[in-house]
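Q: I'd like to ask you about the structure that follows.
The values are calculated or read from the model by the stated rules, or taken from the named source; none is laboratory data. Nothing here was measured: the structure is a model prediction, and the numbers come from that model. Backbone-built Cβ (ideal geometry, glycine too); neighbour counts: all protein chains shown. SASA here: full protein model, heavy atoms, side chains in, ligands and nucleic acids out. Shrake-Rupley method; radii C 1.70, N 1.55, O 1.52, S 1.80 Å.
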Amino acid sequence: MSRLYVARNPRAAARSLDGEMMIMSGRDSTLFTLNRTATILWQSADGTTPLDEIVARRICPEFEVEPGVALQDAENLARELARHEIMQLSETPIETKRNPPAGDAR
Amino acid sequence: MPALTAPALTATALTGGVAQLSLVIEIGGIPVRVNTTDSGFLHLLQNRYAGFVASPDLAQDRTCIEFDVEIRPPAPADPEADVSVTRRGSRWSIERGDFRAEWDPATRRGRILQSSNPYSIDAVLRIVHTLVLAGEGGLLLHSASAVRNGRAFLFAGASGAGKTTISRLAPPDATLLTDEISYVRKLENGYTAFGTPFTGELAKLGENVSAPVTALYLLAQGPENRIDSVPPGEAARSLLANVLFFAEDEELVQSVFHSVFEFVSRVPVSRLTFVPDARVWDLIG
């Protein structure tokens, strides 16, 4: 089974404020406020860590959810974020030279 | 009607026997020199931007933006047409049904093709100012603003939220900067709000003065006058919804996005609920 890699889209702008992660699409200026799961996914999306590892290491421990269910949910979420062009998805590691800050470093 | 020799107007050159006339319009401390051969259009601008017409000496300022305006006969235009602001290389192209304009930030020079009316150039000026401000951390906001006791207060909200009402209720010791579009620059000592000639329903030009921004209020109308704190995330979202920005440009959109968060981290944002009477101003200033 192929693995899925996720990376933050450099065309999106992100800021974390008081625990809330907000992303603006560079394509159409749409603003997204991420929930806790989506925030973890966004912050972990370095292009080189496979999605199943992100789920196992970061999401499952926090939400006490079955790994299979969590992975399916995370994949759906990643595809949704990719549809809005704020995240990139690939079956191979993603070049992260232009990977933007996760949003809380500014 | 003022004579062509009024200090704010200058005849700078002869172009094929026709004098080229100029006027400097300074908004937010940024001078924009407008050149045209149409004296009627120039007088129209002088009336439209009264209070914001600056000395022609400012045209020597290195920050001065310059537009040559070519007046064309009026043509049918869709009044609902959206404005398009796109960049090709270093040059901005700004178009709406009633005008076409180009502007190059590198040379600070541009050109506008429009009929003799104040609305087209007004749109171009607003857009060019948003581009300038986006590059320096400032914002044009859909908000009223006023100065009281040397401090500027901003009142943001969508149409119907009460911008015109709160402006109308301002006491005599408050100076109205605008009832519609606030001009905020990020300067060395913080954020400063400037008066603008961009009017809303009040149709009254703001005063051409400036003051440090002390607070931004999100307007809501209700049964009592009160100020409530707003969580930072909500403040940022509300502010983003009230930023005027037209350009289809990822880099500048990201700049504006980060500017909003910077603003929210430095300027207190609260919700101002008010009944439409003058007592609301007891809470302000």
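Q: Rounding to the nearest 10 and keeping the result within 0 to 90°, find how far the Cα-based axis of helix A:67-83 lies from the longest principal axis of chain A.
A: In chain A, helix A:67-83 runs at an angle near 30 degrees to the longest axis.
Q: Turning to a different aspect of this structure: What's the FRET efficiency of B:Glu136 with B:Asp173 using the Cβ-Cβ distance as r and R₀ = 45 Å, to the nearest 0.05?
A: It comes to 0.90.
Q: 7 Å from Cα along Cα→Cβ at both A:Arg3 and B:Arg87: what's the point-to-point distance in nm?
A: 3.8 nm
Q: Return the Rg/Rh value of the protein assembly as shown, two decimal places, where both radii are evaluated on C-alpha atoms and Rh is the Kirkwood radius.
A: Value, to two decimals: 1.05.
Q: On to the next question. Given contacts defined as C-alpha pairs under 8 Å and at least six residues apart, what's the relative contact order of chain B, whole-number percent?
A: Rounded, it is 15 percent for chain B.
Q: What whole-number distance in Å separates the alpha-carbon centres of the stretch B:134-205 and the stretch B:42-120?
A: If you average the Cα positions of each part, the centres end up 23 Å apart.
Q: What average number of partner chain Cβ atoms lie no more than 10 Å from the Cβ of the residues making up B:237-244? Write out the running numbers ahead of the final one.
A: Numbers: counts 5, 0, 0, 4, 1, 0, 1, 0.
Whole-number average of other-chain Cβ neighbours for B:237-244 is 1.
Q: What is the average number of partner chain Cβ atoms found within 10 Å of a Cβ in B:247-259?
A: For peptide B:247-259, the averaged partner shielding equals 4.
Q: Still on this structure, please answer the following. Report, to the nearest 10°, how far helix B:39-48 tilts away from the longest principal axis of the Cα atoms in chain B, using its own Cα long axis and a range of 0 to 90°.
A: 10 degrees
Q: Looking at the stretch B:178-244, what % of the alpha carbon pairs are farther apart than 19 Å?
A: On the way: 1052 of 2211 pairs.
Of all Cα-Cα distances in the stretch B:178-244, 48 percent exceed 19 Å.
Q: Work out how far the C-alpha atoms of chain A reach from end to end along every principal axis, then list the three figures in whole Å, largest first.
A: Rounded to whole Å, the extents work out to 34, 30, 22 Å.
Q: How do the peptides A:27-38, B:259-270 rank, highest first, by the average count of neighbouring beta carbon atoms within 10 Å per residue?
A: The most tightly packed comes first, giving B:259-270, A:27-38.
Q: Give the relative contact order (percent, whole number) for the stretch B:190-285; include only Cα pairs under 8 Å separated by 6+ residues.
A: 38 percent
Q: Show that you can apply the helix-only estimate: for chain B, add -39,500 (n - 2.57) for every DSSP H stretch of four or more residues, divide by all residues, and state [θ] at 222 nm to the nearest 500.
A: Numbers: 5 runs with 62 residues, N = 285.
Calculated at 222 nm, the ellipticity per residue is -7000 deg cm²/dmol.
Q: Would you please put B:177-183, B:154-160 in order of how densely packed they are, using the mean number of other Cβ atoms within 10 angstrom per residue and starting with the highest? The partial results should precede the final answer.
A: Details: B:177-183: 27.1, B:154-160: 19.3.
Going by the mean number of other Cβ atoms within 10 Å, highest first, we get B:177-183, B:154-160.
Q: Using a 1.4 Å probe on protein heavy atoms only, how many Å² of accessible area do B and A hide from each other, summed over both chains and rounded to 100?
A: Looking at B and A, the buried total is near 1400 Å².
Q: Please report, as a whole percent, how much of the solvent-accessible surface of the protein assembly as shown comes from carbon and sulfur atoms (probe radius 1.4 Å).
A: Of all accessible area on the protein assembly as shown, carbon and sulfur atoms account for 48 percent.
Q: If you don't mind, another one. What average count of beta carbons from other chains do you get within 10 Å of the Cβ of residues in B:262-268? Please list the in-between numbers first.
A: On the way: counts 2, 0, 3, 2, 0, 0, 0.
Across B:262-268, the average partner-chain Cβ count within 10 Å equals 1.
Q: Now for a different question. How far is helix B:250-266 tilted, in degrees, relative to the longest principal axis of the Cα atoms in chain B, given as a value from 0 to 90 rounded to the nearest 10?
A: Tilt of helix B:250-266: around 40 degrees.
Q: Now for a different question. In terms of modelled amide H atoms, which long-range or inter-chain residues lie less than 5 Å from the amide H of B:Tyr191?
A: B:Val213
Q: Highest mean first, how do B:42-52, B:22-32 rank when packing is the count of other Cβ atoms within 10 Å averaged over residues?
A: Highest to lowest by the protection proxy: B:22-32, B:42-52.
Q: Restricting to DSSP H runs of at least four residues, report the calculated mean residue ellipticity at 222 nm for chain A, -39500 (n - 2.57) per run over all residues, nearest 500 deg cm²/dmol.
A: Roughly -9000 deg cm²/dmol at 222 nm, from the helical runs in chain A.
Q: Still on this model: Any idea how far apart B:Leu44 and A:Arg83 come out in nm if each label point goes 7 Å out from Cα toward Cβ?
A: 4.8 nm
Q: Next question. Restricting to bridges with both residues inside the protein assembly as shown, how much of the DSSP beta-bridge set is antiparallel, in percent to the nearest 5?
A: Of those bridges, close to 75 percent are antiparallel.
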